[in-house]
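See structure below.
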Amino acid sequence: MSDPYTLHTLDNGLRIVIETMPGVNSAAAGFLARTGARDETRELAGVSHFLEHMCFKGTSKRDWHEISVAFDDLGSMYNAFTSADRTFYFGWVPQNQISAQIEILADMMRPAIPEEEFAMEKKVILEEIAMSKDSLEHVAFEFVLEKVFEGHALRWPVLGYDDTVGNLTRDQLHAYFESRYAPDNMILIVAGNVDPAQIIGQAEQLCGSWKPSGELRKRVTPSINKGSASQVVSRFNQQVIAMNFPAPGGSDPMHDSAEAATAILGGSNSRFYWNIVQTGLSPHAGAYRLDFDDCGLTILSAQTDADDDGLNKLVDAMRKEAHAICTEKVRDEEVQRVKNKRRTTLAVEGESPYHRLVQIMDDVDYRGAPRTVAQRLESVEAVSADSIAEFYEKYPIDTDGFFISVGPREWPAGSN
Amino acid sequence: MEKTIHKTLPCGIEFGCVELPDRHAVAIEFRIFSGTAHEPDDKLGVARLLQETIDLGTENFEGRALSDAFDEIGASHSGWVGREAAGYSCFVLPEFVERAIELHAEYLRRPTFPEDKVSVAIDLTRQEWSALHDDAQSLADKIIGAQAYGKYLGRHALGTPESLEKLDRKSILDHWTNTYGAGRMQVVASGAIDADRLADLLEKHFGGYGSPSESGRDIFEVEFDARRIHHDKEAEQQQIAIAFRGTSLDRDDYPAQRVMLGVLSGGMSSRLFTEVREKQGLVYWVSAWGEYPRGSGMIFLGASTKPDRCHETYDTLLREVDRVGKDLTDEELKRAATGMVAKREMQGDMTRSRCGELADDLFHFRRPRDRREKIERIKRVTVKDIQNYLDAHPRDALSVVTLGPRRMEGTEVADGTKTEGVTA
């Protein structure tokens, strides 16, 4: 099969990545701004996410309502998200609307940031922060980041804090935009039944005048803290336990082994599922990976409304499984089962331009180049019991990590 | 070339299949008329417990070995329980379809419901109940569902703390015996599969599975409770849930309702997003959606906001619903319809979506429906159709739930015994 990719860079540094998918009836496009919550100061915590909202709130060409109408007139499935590493804006449309979709997205990448809309959107984001505080999972996750990355910008919540969002000014947000949304810090990605030459020509016309900054983003790799901490939040019923350990980042060659290792320990049909959930210790227990540009976390987490005795048993069981997988090589059949599932998932994901768009974004941002479904599959097939053993040797999870407890009780006693 | 098949197999299974030869995978869904509405009155929660435990042990497999067998073929499979049915869906590569059917037959036909697994499942469900109260939005959904649908359709899959006390292995086994069988099943597939071959496989593996006579398809009546009730809960935000009766999927005015919901809550230019969020900044989340038990329809409005802005949000939600009948424009209508049509077309690229679409057709209409015709019905809706729909379904009876720290004027305070764990 011929290479489905067309790669191009405009003179101003804007990279363009296109995957042609001849068999589908739709297409998806997205702009990746390579900036996120970790690129903020404490004073500006939440500014990346605020800017993401403001890109929908007006440009020199359209007001906020005209932007929404333009998307909806295409029948687009569209949105945006912000993470610690990046901000991504996307739309998925019928094939014949992809040119119009790219035009709207490109327009949004040069937002006007009207003062009155800035004030209105601040209210919306403060509601979003309030909503997140009513979610135990969200509260626990933010506490994990705050403690594990204390001393580093990765500890900011993506939404920011009430005070930083409340105090943020339009000028501060605009200055952040100027410094981060330069074309040499952005990538246009398109997937679907499209004509690459037409897209490159359109991108040149729409984005060619954007001024590059010449500044590469500067990131400092965090040290990942060890220790323990608890947070008492009396209005919840369940206690969340999270054990956190260093892991490779999204660009690390060990990434696929880390994924498989975590799936064997704490995915569906995993050791955690059978030895923790199915023994009644916790309704939700699993192992997860958190990828960043240059580092990652393995998080072993579970929740329960049990008493101290139940919590102790739960933690002992989690530690026992963590120790076992670090000291005894996983069985070949366990590895093969994970690979088989991944093969099916990749077949599913390969069907839709939207899913391909998100995968390409991940590959391009973390690895510098896209991978076809077949290439992704090759990486998965290369995982073995030996490569998983190497992973756990380098990134053990039976040592001191950072132990977090969040919920209605001060547990372990005296840990608050 | 795409081809759709629909027939009833000798074993009693109602079978539907969309052959999509150019795809690389197959989606299969087993839908059984055994939802929460079918539960005995004193065994609430048993439908979900059945679904949770049915694959934890069979005559030929221990639970873990069965899961391993699914993983060996890379099958992505899952289960769910709704108001009127339970579903078991699977996504698999074409070469493993036969093995996937064998494994589904193994747990659906020959479950043993091991005593120890049932006991754990009951305890986990009790913990799920506790976890539900840590999620304000899901809790509000549960409460408005019970209030809007009433005794049968309003049941929650988790049952109640009291009903869980009465459940055991025998109640699950009885429920499986009474409500699972080929005559209560619809099996639908899509993707790179030969429909005749799949039909033969189903007949081979499900022949003799209970009575082949069609059963369990009675329609449950909605018992709508038009009250406004506040449930007190410590939280940052107040949850608002509003329900009123709409039309059912099989009625001629359904497309008008569907487009009206698109006008209210389709994309970001829709009325609720525009009026509640963009113009007033009252919320981050606001939505309107429809639910369709067979033979009925229910419209829901939902939002969450800080307690001191609850009244304003509530008033705006209702104002916007009323306003649709008065000043809807052709442009808005066309935009809402365009969104629906485009989404249907784009999701057509996904094998799993095609399977779900056909499963819904059989569930609600007992036949596959032409995709073009469905799209045309949406495109044909006019402003006048929506006005007629609104005239025929006046919002003169509302079921309202607020959940949070502040009681809204005009609401009753929930009886603590009915809030089941919410602090009153």
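Here are the numbers:
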| item | result |
| --- | --- |
| Per-residue mean of C-beta atoms belonging to partner chains within 10 Å, peptide A:272-281 | 3 |
| For chain B, the Rg and Dmax computed from alpha carbons only, in angstrom | 22.6, 64 |
| Local electrostatic count, B:ARG184, Cβ distance below 12 Å [Lys/Arg +1, Asp/Glu -1] | -2 |
| Shape category assigned to chain A from the gyration tensor of Cα positions, a/c cut at 1.5 | oblate |
| Packing-based ranking, highest mean first, of A:14-25, B:201-212, B:370-381 given that Cβ atoms within 10 Å are counted | A:14-25, B:201-212, B:370-381 |
| Relative contact order computed over chain B (Cα-Cα under 8 Å; 6+ residues apart), in percent | 23 |
| Subset of B:LYS3/B:LYS343; A:LYS122/B:LYS343; A:LYS320/B:LYS170; B:LYS117/B:LYS166; A:LYS57/B:LYS343 violating a 28 Å alpha-carbon distance limit | A:LYS122/B:LYS343; A:LYS320/B:LYS170 |
| Listed residue (A:TYR161, A:VAL335, A:THR9) projecting farthest to the positive dipole end of chain A, Cβ model | A:VAL335 |
| J(HN,Hα) series, the stretch A:395-408, from Karplus relation 6.51 cos²θ - 1.76 cosθ + 1.60, nearest Hz, glycine and proline x | 10, x, 10, 10, 10, 6, x, 10, 9, 10, 9, 10, x, x |
| Summed residue charge, Cβ within 15 Å of A:ASN312's Cβ, Lys/Arg positive, Asp/Glu negative | -2 |
| Qualifying lysines (Cα of each under 16 Å from Cα of B:LYS326; at least 8 residues distant if same chain) | B:LYS384 |
| Choice from B:VAL92, B:VAL118, B:VAL413 with maximal GNM fluctuation in chain B (Cα, 10 Å cutoff) | B:VAL413 |
| Efficiency of FRET from Cβ geometry, B:LYS204 and A:ASP332, R₀ 30 Å, rounded to 0.05 | 0.40 |
| Sites B:ASP22 and B:SER213 - FRET efficiency at Förster radius 45 Å, r taken between beta-carbons, to 0.05 | 0.75 |
| Net charge contributed by nearby residues that have their C-beta within less than 12 Å of B:SER265 (K/R +1, D/E -1) | 0 |
| Using alpha-carbon coordinates, inclination of helix A:98-108 to the longest axis of chain A, degrees | 80 |
| Karplus (6.51, -1.76, 1.60) ³J(HN,Hα), θ = phi - 60°, over the stretch B:100-105, in Hz, Gly and Pro reported as x | 4, 5, 4, 5, 5, 5 |
| Estimated FRET transfer efficiency when R0 is 25 angstrom, pair A:SER379-A:ASP3 (beta carbons, to 0.05) | 0.90 |
| Sequence-distant lysines (8 or more away, or on other chains) whose Cα lies within less than 21 Å of A:LYS211 | A:LYS61 |
| Whole-number percent relative contact order across the stretch B:228-419, with pairs defined as alpha carbons under 8 Å at least 6 apart | 42 |
| Spin-label zone in the stretch B:282-298 - amide nitrogen under 20 Å from a point set 7 Å from the Cα of B:ASP308 along the C-beta vector | B:282-285 |
| Acute angle (nearest 10 degrees) that the helix B:254-265 long axis makes with the longest principal axis of chain B, alpha-carbon atoms | 60 |
| Cα Rg, Dmax, the stretch A:227-407, angstrom units | 17.2, 50 |
| Peptide-level mean, for A:227-235, of C-beta atoms on other protein chains within 10 Å | 1 |
| Phi-based couplings in Hz for the stretch B:123-140 (Karplus 6.51, -1.76, 1.60; Gly and Pro marked x) | 5, 5, 5, 4, 5, 4, 4, 5, 5, 4, 6, 8, 10, 4, 5, 5, 5, 4 |
| The protein assembly as shown - charge dipole about Cα centre, Lys and Arg +1 at Cβ, Asp and Glu -1, debye rounded to 20 | 940 |
| Relative contact order computed over chain A (Cα-Cα under 8 Å; 6+ residues apart), in percent | 21 |
| Extreme residue, positive dipole direction of the protein assembly as shown, given options B:HIS133, B:ASN388, A:ASN79 (C-beta unit charges) | B:ASN388 |
| Gained length - B:ASP370 relative to B:GLU331, 0.36 nm times residue gap less alpha-carbon distance | 11.4 nm |
| Protection proxy ranking of A:312-322, B:153-163, A:86-96 - average other beta-carbon atoms within 10 Å, highest first | A:86-96, B:153-163, A:312-322 |
| Binned Cα-Cα distance frequencies in the protein assembly as shown - 20 Å width, integer % | 14, 47, 37, 2 |
| Label-zone membership for the stretch B:216-245, site A:SER234, 7 angstrom Cα→C-beta point, backbone N under 17 Å | B:233-236 |
| In degrees, nearest ten, helix B:169-179 long axis to first principal axis of chain B (Cα) | 90 |
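All of the numbers you see were taken from the coordinates with simple rules; none came from a lab. All figures in this text were calculated on a predicted structure; none of them were measured in a lab. Every residue, glycine among them, receives a Cβ derived from its backbone with ideal geometry; neighbour counts consider all protein chains shown.
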